[in-house]
Each structure stands twice: as structure tokens, then as C-alpha cells.
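Everything below concerns the one structure shown next.
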Amino acid sequence: MFKKKDINSIPLYCIVFCAALFFIITISPPAFHYNDEWITANQLHQLGIGHQVITNEGKYGSFVGNQITEYFSTRANTLGYSLFLPISSLIAYHVFFTLDQGFRLAILFIWALLPIIIALLTLIYYPEHSRIGKIPWPYLLIILSCFGFLWNMALFTPFIATGPYDPVEAAAIIFTDHIFFALLAVTLLFICRLLFENSYYSLFGTIALLCSSSYVYWASSAKDHMSVSVIFALILASLFLMIRKNDHRYGIFSFMGCGVLAWIRPELAFVFAFALIGIYIYKVIQKAHTFISTTQIICAILIPLSIFIGSIPFFINNSMVTGDPLLPPYAFMVERGGSTDQSSLNGLSEIPIEDKQSNTQKQYSLITFIFKYFKPKWDTILQDIGKILFAPTSGMIGVFAICPLFFIGIALLVLRTVIHPLKSKSCYYHEIIICLIAIITVFIAYFSDFHGMIISEGIGPDMRYLSPVYIPGGLLGLLILRESPLFQFQNKLLLKQTVYTLLILTPVIFLGLLFFPPFGGGFSGFTQFTTLGVVSLSALFLLLQIIQCYHKPLPRINHLTMALILALPLTWNIILVIMFSVTRSNGYPFWLPVLEHLYNVFIIPVG
């Protein structure tokens with residue numbers, strides 16, 4: 001399990017996939033939190049029954065009598081999102097629809113099977129890690145899994161999928177996002193093992209990256225932020241491969257991934273494409289002296305064109321929805337709906353769909369759609385960035401509060417430069433540069449939205465458009481922690497203390513906030529508590545690093561403080577998923593009947 005140079009340990013990746021999927025199924029209810037999710041659900045519904053996917057047919061977001069709500073009337077009753085997530089959810093949709101009343105049972109069976117798979121893989125491949133002290137934990141895990149399944153069956157009631165108003169689409173999309181969450185965990189582990197070549201620190205890094213983000217929350221939703229983050233992580237993985245293997249040919253995967261990213265977020269893919277081209281040219285110039293044939297030179301020139309191969313679904317999607325392969329669906333919806341602000345655009349739904357399409361093609365283009373993101377409010381740009389990072393005006397959580405690794409990494413980099421400068425260039429120099437480029441790319445892609453992000457209550461619970469930044473931001477922190485002489489740690493002890501602390505402390509913080517809500521309770525209170533807690537503990541952590549520059553290192557204190565910092569954003573995510581599930585609609589209760597029962601008995605009375 002922990003061979004230093006083994007970066008292709010398939011059983012370990014399977015264990016991480018199963019653990020991540022088990023965790024997210026355990027806490028999630030398959031129901032919607034945002035009316036934006038109606039668009040994706042209607043797309044899936046209409047795909048599933050073989051209908052068109054341009055105009056909303058009204059299963060979600062309509063009043064009784066099929067009269068559309070203001071949400072869709074202000075969007076010209078148009079389904080203006082990418083088809084990536086609906087198409088990805090088709091398998092789950094058809095399976096759930098076929099199983100009908102048995103699909104919740106199927107999820108429970110998968111949920112109970114996942115810990116058994118983890119236990120068996122550990123016993124077969126990593127027997128040296130199958131005991132905690134004298135306790136054979138894999139056997140205990142199997143027993144607890146069977147007990148959990150029987151307990152859930154004792155409280156079981158089926159979910160129905162085949163009725164005309166049954167929200168099977170919600171279940172299918174959210175379960176697909178669960179899968180994306182598990183895939184993200186595997187991708188992050190791959191990146192960490194590639195960079196650090198130590199499985200203890202890589203496992204710690206994977207856990208830290210998932211905790212230091214809002215991905216737990218988005219994995220329980222029907223939004224596309226999970227799929228965007230998975231593709232973004234895969235692009236970064238191929239870039240790191242290109243650097244580590246010193247082979248520019250890995251760039252083909254980066255460019256193809258960027259093309260796929262355009263299918264979901266063309267504005268982000270457009271900016272990232274320029275960054276990729278710059279990195280690739282730098283790498284090719286480095287290796288130019290090794291090109292000994294015309295074929296090698298031609299291949300090096302053609303590799304960036306693979307972005308068009310990855311973009312093929314983007315062009316097909318656009319042609320289906322707007323009739324123009326270069327015009328994204330969202331641009332079509334915005335042009336005919338004018339804005340996503342419901343209050344300002346009543347009456348536009350009266351325009352015939354044919355006229356909307358022809359007018360859109362005349363007035364709007366891919367270029368104007370993309371470049372609208374590069375018109376920030378320059379007079380407040382610095383103030384807006386500060387609020388995005390720390391405390392948005394809207395009361396949503398800031399980037400540094402939800403991603404403390406990002407904040408700590410930058411602060412440690414400054415401290416290391418001032419207090420303990422390195423005499424030689426960092427061994428992670430190129431990886432740090434790639435992380436910084438990726439961070440800047442995400443921010444540039446959404447420049448014009450900065451002011452809107454900090455004041456809009458509809459953009460939450462975090463700065464969600466910027467959610468891909470948690471990956472390079474977190475990796476930046478891990479890279480600097482790994483190399484920094486300020487942070488004294490022991491890899492195995494670091495992993496053990498982090499896991500134990502999170503397993504114990506996260507439920508304790510959750511229950512404490514449930515029974516003693518801070519700052520008046522509610523979303524605002526929990527967010528304030530998390531922000532203040534993360535900032536305070538991060539400051540304490542940095543102070544400890546400075547003290548240890550002149551005194552004996554305290555690795556256990558470092559580990560414990562870091563685990564406390566990671567526990568806060570993780571708990572914030574879990575609170576939003578579980579405690580605020582009562583605000584969800586168009587869906588089912590929790591996947592697990594046990595959690596549904598405990599929620600109704602204990603959490604609703606307290607709330």
C-alpha cells in the first residue's frame with residue numbers, strides 16, 4: 001500500500017473511490033436546493049423520454065396546470081445549460097426508472113457493499129495495515145456494514161420512480177454527482193502520489209484537499225460544479241505528468257480535457273486554453289534539441305489541435321440547442337431571457353422560439369459571450385477580490401475560509417521567504433508555477449462577475465464559480481507545506497492524527513453547532529463561525545511555525561492544529577448537506593432510512 005515509488009496502486013485507488021462514495025451517499029438527500037437545478041432535471045427528463053432539449057416542457061419549475069413559473073418565464077422557457085451532466089446521468093436515470101420502487105434498495109445495497117470491498121482489498125493487498133493495535137478493523141468494518149444494512153432495512157420505505165411527478169431525475173443527477181465526487185478523490189490521490197511519491201502524505205493530501213473545499217456540498221447537488229472540478233483536476237494531472245515525465249506528449253490529454261471543459265464551461269476553457277498553450281510551448285522549447293525527425297516536429301505542432309477533438313461534444317451540443325455550433329446554450333438563454341435576474345425580464349417568454357434562435361445568431365456570438373467575462377468593475381476590483389477571498393458582502397463563505405490550505409500555503413511561502421529563505425530553487429518550482437497559473441486562470445475567467453459574486457445571495461453558499469480554484473489552491477498549500485522547513489511533520493503520524501481527529505472532532509463540532517448555534521444560528525451563523533474559526537486557527541498555525549524556527553519542532557502540535565483547521569470547512573459542508581436538507585425540494589429524503597429517521601427525531605425538533 002505504501003511503497004514509495006508505486007504511483008499506480010490500483011487497489012489503493014479503489015479503496016479511496018469506495019470510501020468517498022460511501023461517505024457522500026451516507027450524508028446526502030437526493031433533492032434540489034436551487035431552482036437552477038430544474039433546468040438540468042428537465043433536460044434529463046426530456047432526453048430520457050426522447051423529446052427535444054431546447055424548450056422546457058414543464059416537469060420541473062411549473063405550477064399546477066403546466067403554467068411555467070417566473071423562473072422559466074424570465075429565461076424564455078429555454079433550457080440553456082450544457083447537456084454534459086444530463087447525458088452523464090442517463091445511465092442512472094434508466095436504471096432507477098427500470099428498478100422503480102427498488103432503486104432505493106439498490107443504493108442501500110451499494111452503500112453496504114462499499115465498506116466490505118474496502119475491508120477485503122485491505123486484507124488481500126495490505127494485510128500489514130489491517131490492524132489498529134490488536135483490533136482487526138476490516139472484520140469490524142464488515143460487521144458494522146451488515147448491521148447498518150439491516151438497520152436501514154428495518155426502517156425502509158421505497159422511493160417511487162415511474163410516476164409522472166416522481167423526481168427520479170433528481171436522484172439520477174445527484175447520484176451521478178456522487179460518482180464524480182469519488183472520481184475526484186481518485187484523481188486527487190493520483191496527483192498527490194505523482195507529486196509527493198509518498199503514500200502517507202498523498203493520502204493526507206487527498207483528505208485535506210476534499211476537506212479544504214466545498215466539494216462535499218456540491219457532490220450532493222444537481223449542479224455541474226463537481227463535473228467541472230473533475231475535468232479541471234484531470235487537466236492538472238496531465239500537466240503534472242508532462243512536467244514529471246519530462247514528455248510534452250502528455251500535453252495531448254491536457255488539450256483534450258480543455259476541449260471537454262468547454263462543453264460545460266466555455267468561458268473557463270477559453271482562458272485555460274491560452275495558459276495551456278503557454279505551458280506547452282515552454283516545455284517544447286525545453287525539449288526542442290531532442291527532436292531528431294520531421295515527424296516529431298509535426299507531432300509537437302499538432303498536439304495543441306487535440307483541443308478540437310475534445311470540443312466535438314461542445315459543437316454538437318450547441319448545434320442541437322442553438323443551431324450554431326459556436327453558440328453555447330447559456331448564451332442563447334441569456335440573450336433571449338436578457339438576464340438570470342427574475343425580476344427584470346417578465347414577458348420575454350412570449351417571443352416565438354424560432355424568432356429567438358434567429359435573433360440570437362445575429363446578435364450574439366461565442367466571442368461576445370466569452371469576452372463579457374473580461375469586463376470587471378475596475379474601480380472596486382481590489383476591494384472585490386479581498387471580499388471574495390475573506391468575507392463576501394452577501395454573507396456567503398469566502399475562498400480562504402473554505403480553502404484554508406490555499407491561505408496557509410501563500411502565508412507560509414511569504415514566511416519562508418522572509419524568515420528561512422531557501423538557498424536553492426524549490427524542487428517543486430514548476431509544480432508551484434502550474435498551480436499559480438491555474439489559480440490566476442480561474443480568477444481571470446470570472447473577472448466581470450467579481451462584484452456580483454460578493455453581493456448576490458443567489459451565488460452561494462461559496463464563491464461557486466471559482467470552485468475549481470480549490471484544487472490548485474490546495475495543492476499549492478500542500479507543496480509548500482511538504483517542502484517548508486517551518487512545517488516539521490512525520491508522514492505516517494500526520495495521516496493517522498488527521499484521520500482520527502476528523503473522525504472524532506467533526507461529529508463533535510456538528511452536534512455542538514446543532515445544540516448551541518453560534519451567532520444566532522442559521523446559514524449566516526454557521527458561516528461566521530467557520531470563517532472566524534479557520535482564520536483564527538490558521539493564524540495560530542502560522543504563529544507556531546514561526547516559534548518553531550527558534551525552538552524544538554512540535555510535529556504532533558502541528559498535525560493536530562492542521563486537523564482542526566480541516567475539520568471546520570468539512571463540518572460546514574456536512575451541516576449544509578444534512579441540517580439544511582429541510583429546505584430542499586423536488587426530490588426524496590435521505591438515501592439512508594436511518595439518517596432520515598434520526599433527522600426527523602432529533603434534528604427537526606432542535607431546529
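The values are calculated or read from the model by the stated rules, or taken from the named source; none is laboratory data. It should be emphasised that the depicted structure is a prediction, and the values quoted were computed from it without experimental measurement. Neighbour counts run over all protein chains shown; Cβ positions are idealised from the backbone, glycine included. For accessibility, only protein heavy atoms count, side chains too; no ligands or nucleic acids. Shrake-Rupley method; radii C 1.70, N 1.55, O 1.52, S 1.80 Å.
Side notes on the structure shown:
- For Tyr60, the conditions (1) free of Cβ contacts under 8 Å to residues at least 60 places away in the same chain; (2) touching an Asp or Glu at 6+ places or on another chain (Cβ under 9 Å) all hold with the exception of (1).
- Segment 240-253 - residue that is under 19 Å from Tyr428 (Cβ atoms) and open to solvent by less than 10 Å² (accessible area, probe 1.4 Å) and, of those, modelled with the lowest pLDDT: Met242
- Candidates Leu90, Leu79, Leu83, filtered to the one that is open to solvent by 10 Å² or more (accessible area, probe 1.4 Å) and within 25 Å of the chain's Cα centre (by Cα): Leu90
- Unmet requirement for Asn246, which otherwise passes all of (1) part of a loop (DSSP other than H, G, I, E, B); (2) more than 19 Å from Ile24 (Cβ to Cβ); (3) in contact with a His (Cβ under 8 Å, 6 or more places away or on another chain): (3)
- Segment 518-533, residues that are open to solvent by 10 Å² or more (accessible area, probe 1.4 Å) and among the β-branched types (Val, Ile, Thr): Thr531
- Number of residues in segment 201-256 that are touching a strand residue (DSSP E or B) at 6+ places or on another chain (Cβ under 7 Å) and of a type in the set (D, E, K, R) equals 0.
Condition check ((1) in contact with a helix residue (DSSP H, G or I) (Cβ under 7 Å, 6 or more places away or on another chain); (2) within 16 Å of Leu511 (Cβ to Cβ); (3) not charged (D, E, K, R)) across all residues:
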position	(1), (2), (3)
Leu540	yes, no, yes
Leu543	no, no, yes
Pro555	yes, no, yes
Thr561	yes, no, yes
Arg584	no, no, no
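- Matching residues, segment 447-465, being under 22 Å from Phe274 (Cβ atoms) and at pLDDT 90 or above: Tyr465
- Test: Leu566 is in a helix (DSSP H, G or I) and in contact with a helix residue (DSSP H, G or I) (Cβ under 6 Å, 6 or more places away or on another chain): yes
- For segment 104-214, the helices (runs of 4 or more DSSP H) that sit wholly inside it and include 2 or more residues that are more than 30 Å from Ser88 (Cα to Cα) and open to solvent by 40 Å² or more (accessible area, probe 1.4 Å) are 137-154.
- Residue match in segment 488-499 (condition: assigned to a loop (DSSP other than H, G, I, E, B), in contact (Cβ under 8 Å) with a residue 60 or more places away in the chain and open to solvent by 50 Å² or more (accessible area, probe 1.4 Å)): yes
- Candidates Ala20, Ala106, Ala41, filtered to the one that is among the small types (Gly, Ala, Ser), modelled with pLDDT of 95 or more and under 30 Å from His129 (Cα atoms): Ala20
- Counting only residues that are open to solvent by 80 Å² or more (accessible area, probe 1.4 Å), closer than 19 Å to Asn491 by Cα and assigned to a helix (DSSP H, G or I), segment 535-559 holds 1 of them.
- Sole exception among (1) open to solvent by 10 Å² or more (accessible area, probe 1.4 Å); (2) within 30 Å of Gln497 (Cβ to Cβ); (3) small (Gly, Ala, Ser) for Ala273, by number: (2)
- Leading residue by the ranking (farthest from Gly133 (Cα to Cα)) among those in segment 446-487 that are open to solvent by 10 Å² or more (accessible area, probe 1.4 Å) and in contact with a Gly (Cβ under 8 Å, 6 or more places away or on another chain): Glu457
- Flag if Val469 is farther than 20 Å from Phe407 by Cβ and modelled with pLDDT of 85 or more: no
- Only listed residue being more than 30 Å from Leu47 (Cα to Cα), touching a Phe, Trp or Tyr at 6+ places or on another chain (Cβ under 6 Å) and touching a residue at least 40 places away in the same chain (Cβ under 8 Å), chosen from Leu241, Leu305, Leu236: Leu241
- Restricting the first member to segment 182-202 and to residues that are farther than 18 Å from Ser212 by Cβ, and the second to residues that are among the aromatic types (Phe, Trp, Tyr) and open to solvent by less than 10 Å² (accessible area, probe 1.4 Å), the beta-carbon pairs closer than 6 Å and six or more apart or on different chains are Leu194/Phe240.
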